[in-house]
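Below is one structure, written out as structure tokens; comments come after it.
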Amino acid sequence: MKHLKQFESLEKNPWTTIQESFDVFQLYELLIFKYGKIFTDTKEAIDEYDGDYNPDHIYEIIEYELKSKNLWEEFLENYQEYEIEKDEADPFHWRNRLKKQEELEKNFRSNWD
């Protein structure tokens, strides 16, 4: 039981969670969606990808750029909300369709009241 309690008490590092949740391309797309095209070093590293692909290197570049632009803490705290925003903006994603459906229902109800 002692080991189980120690395991439960460990908090997972948010950056590790992000790396497990997104491949570098998905993470880069999320950053571009939220902050625009300010991640020039990351884009350059992705563009240079030519067979020898080392995702850890690109994650390090992303981390460096987030820290150098003072976005590190803010991104770690809010990346899940940003992912939802990005999904809701994508017309082919289910979140977008759900949002549209809810808006339609709300408008329909307000017209009948």
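Looking across the stretch 33-51 at every residue that is charged (D, E, K, R), at pLDDT 85 or above and part of a helix (DSSP H, G or I), the one that is nearest to Ala89 (Cα to Cα) is identified as Lys34. May I ask you to verify whether Tyr82 is modelled with pLDDT of 90 or more and touching a Lys or Arg at 6+ places or on another chain (Cβ under 6 Å)? In short, yes.
For the stretch 60-74, the set of residues classified as touching a residue at least 24 places away in the same chain (Cβ under 8 Å), part of a helix (DSSP H, G or I) and not aliphatic (A, V, I, L, M) consists of Glu63, Glu65, listed by residue number.
So is Asn54 exposed (fewer than 12 other Cβ atoms within 10 Å of the Cβ), polar (S, T, N, Q), over 26 Å from Pro14 (Cα atoms) and at pLDDT below 95 or not? Against the criterion (exposed (fewer than 12 other Cβ atoms within 10 Å of the Cβ), polar (S, T, N, Q), over 26 Å from Pro14 (Cα atoms) and at pLDDT below 95), Asn54 does not qualify.
The values are calculated or read from the model by the stated rules, or taken from the named source; none is laboratory data. Note that the coordinates shown come from a computational prediction; the quantities given were computed from them, not determined experimentally. All Cβ positions, even for glycine, are placed from backbone atoms using ideal geometry, and neighbour counts span all protein chains on display.
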